[in-house]
1. Mind listing just one residue for me: the one in region A:103-129 that is among the acidic types (D, E) and free of Cβ contacts under 8 Å to residues at least 60 places away in the same chain and, of those, surrounded by the most Cβ atoms within 10 Å (Cβ to Cβ)?
2. If you take the residues in region B:140-160 that are more than 15 Å from the chain's Cα centre (by Cα) and either among the polar types (S, T, N, Q) or closer than 24 Å to B:A65 by Cβ (or both), which one is farthest from the other protein chains (Cβ to nearest Cβ)?
3. For a quick check of your reading: which helices (runs of 4 or more DSSP H) sit entirely within region A:127-195 and have at least 2 residues that are closer than 23 Å to A:S39 by Cβ and out of contact with any Asp or Glu (no Cβ under 7 Å at 6 or more places or on another chain)?
4. Of the numbered conditions (1) modelled with pLDDT under 85; (2) within 21 Å of the chain's Cα centre (by Cα), A:A113 fails exactly one; give the number of that condition.
5. Do you know which residues across region A:175-198 are among the small types (G, A, S), at pLDDT 90 or above and surrounded by 24 or more Cβ atoms within 10 Å (Cβ to Cβ)?
6. I'd like the full set of residues that are buried (at least 21 other Cβ atoms within 10 Å of the Cβ) and free of Cβ contacts under 8 Å to residues at least 60 places away in the same chain, limited to region B:27-60.
7. Among (1) within 27 Å of B:G195 (Cβ to Cβ); (2) more than 7 Å from every other protein chain (Cβ to nearest Cβ), there is one condition B:L109 misses while meeting the rest; what is its number?
8. Based on what the data block shows, is A:A189 within 14 Å of the chain's Cα centre (by Cα), closer than 12 Å to A:G123 by Cβ and not hydroxyl-bearing (S, T, Y)?
Amino acid sequence: MDLLEPLQSGIERRALLEVALLGGFCGALGFWVTSFRLSYPAESLAHGLLPGLVVAALAGLPLLLGAAGGVAVAAAVVALAGRDPRIGSDSATAVAVTGMLGLGGLLALAPDAPARLEELLFGDPLGVSDGDLVAAGVLALLGGAAMIALQRPLTAVALDAGGALALGIRPTAVRLALLGLLAAALSVAVQGLGSLLVLAVLVAPAVAVRGHVASPVRAMAAAGAVAIAAGVAGIYASHLLGSAAGASVALALCLAALAGAALPSRNARSVRRDAGASVGGQAARALGDAGARSRASQ
Amino acid sequence: MSGPAAGGATGGERGANGTAVRVHDLSLAYGGGPVLEGVDFSLAAGESLCVLGPNGGGKTTLLRALTGELAALRGSADVAGRPAYLAQTERTRLDFPVSALDVALMGSLANGRWWLPARRSDRAAARAALARVGLEDRAGVRFGELSGGQRQRVLLARALVQDAAVLLLDEPLAGVDPASAERIATLFAELRDEGRTLLVSTHDVDSARDFDRVLCLNRRQVAFGEPASVLTRTALEQTYGSEIVVLEDEGGAGPVRAIAVQHHAH
């Protein structure tokens, strides 16, 4: 096949640009989403925003507006549902999110609704408009700048929130800023990848690079690059195989995560190397304790 | 702001009367009823305090109040300037990809300017601090790969870069190898000589003799004062209950020698 062939079609050129812009930003942001253990909340928001998307589609409003409103409502519902200690926040979140997904489906499958549910659920990178591309570009530019500016506080809080607070960094404010970036990323990316598949671009690249990077900056760069590569591979695969573009991109991202997780990581290598040393360390510690006791008993 | 190599705590941040820490009638809680009550003491700049108590006695809770993380249920806790805080290293994330140098460099966040990359002078200060804790050759090693004692020293290096006048250390010697423990003890002495104030929580009752002041906590303040007056059989039994084993009691005069037998939950 001619590698440049998809580039000759305007539709596929736009799709490639869309997955590159979204992948670069969402992949990098995903490193922080996974580092702050926000994968499950991110999935909840992505699925819970569906009613917002559907209402916007039915009312003929911009989908971006519907997605943003949907994220805000989903976040509020999840936060409220999690407040009942008898249920537990993960069960409450699961029920609330399934309920919202159901509500979105109900609205979209109403007899007089336009048949766009499939696109809202699974995304359609081949159907991106100029407006979608502009939104993705603005997200990549402004969101990327914000993420780079926040990189040092995010690192300090991820390592040790108490220590960060003593350095004058407010962990709550940093977490809120991260959630804000996540909400913005979901609102924009959901139009390309859909409510069900958008999570792939946020979590899979971070999983792929997790064990192979030495610093947060490198993790962001590597995750962004993996997301762009997998996104482009997904578009090419859909072109070759005639498969659905959104699902192909999501699958390519998940394959990258599998491959990254299967490769021996820096951590695993060092754990094996340190296995002997750690037994020695425990012995030294035990000796130290015994020494302290015998000093105490003198 | 002076780097760690320059030495000397930031004098301007101390109170005019030289008080570095003042805690008055402090009660603390995590949402429910108080977990620590009636804490009342103060420390002059350059004094060192050993905080003793059983697990769940309130040592970490008190330190968290002094960082400002935990609001007072009653009373007040004031620290001159912004203190450095060294959490128990198992409370830090060990799977997070940062090097020893990255962690030391975080100390420069205390200058503000968090949105900008670290400056060349910040990097020099971080390297100097790592050298001071004896880890200059481990600068590029991932934090989680270091031993417990080395991680503690890296966190001390971060506090040196922060150049704080008051340091709060939560069980800095727990699970630390003897070489690191010796290095940390030497550093404590140096920091005190520089006029910094140290608050150190520990399980090692015997080491409390080396501090200027001792504070005994068991969900309330049991005793506070000089080691000779605080480390009595009565006070230690009130602090630790059945967990204390008194090894040597000179009959009232001078501190007793004792070890606390900790029943770890983990």
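1. Within region A:103-129, the match that is surrounded by the most Cβ atoms within 10 Å (Cβ to Cβ) is A:E118.
2. Keep residues of region B:140-160 that are more than 15 Å from the chain's Cα centre (by Cα), which gives B:140-148, B:150.
With the extra rule that they be either among the polar types (S, T, N, Q) or closer than 24 Å to B:A65 by Cβ (or both), the set shrinks to B:147, B:150.
Details: B:S147: 6, B:Q150: 10 Å.
Among those that are more than 15 Å from the chain's Cα centre (by Cα) and either among the polar types (S, T, N, Q) or closer than 24 Å to B:A65 by Cβ (or both), it is B:Q150.
3. Details: elements: A:130-138, A:144-149, A:151-159, A:161-166.
In region A:127-195, A:144-149, A:151-159, A:161-166 are the helices (runs of 4 or more DSSP H) which contain 2 or more residues that are closer than 23 Å to A:S39 by Cβ and out of contact with any Asp or Glu (no Cβ under 7 Å at 6 or more places or on another chain).
4. Just one mismatch for A:A113, condition (2).
5. Kept after step one, since they are among the small types (G, A, S), are these residues of region A:175-198: A:177, A:180, A:183-185, A:187, A:189, A:192, A:194-195.
Still in the running and at pLDDT 90 or above: A:177, A:180, A:183-185, A:187, A:189.
Result: A:A185, A:S187, A:A189.
6. Hit for region B:27-60 is B:L28, nothing else.
7. Just one mismatch for B:L109, condition (2).
8. yes
The values are calculated or read from the model by the stated rules, or taken from the named source; none is laboratory data. Keep in mind it's a predicted model, so treat the numbers as computed, not measured. Heads up, the Cβs are rebuilt from the backbone with ideal geometry, glycines too, and the neighbour counts pull from every protein chain shown.
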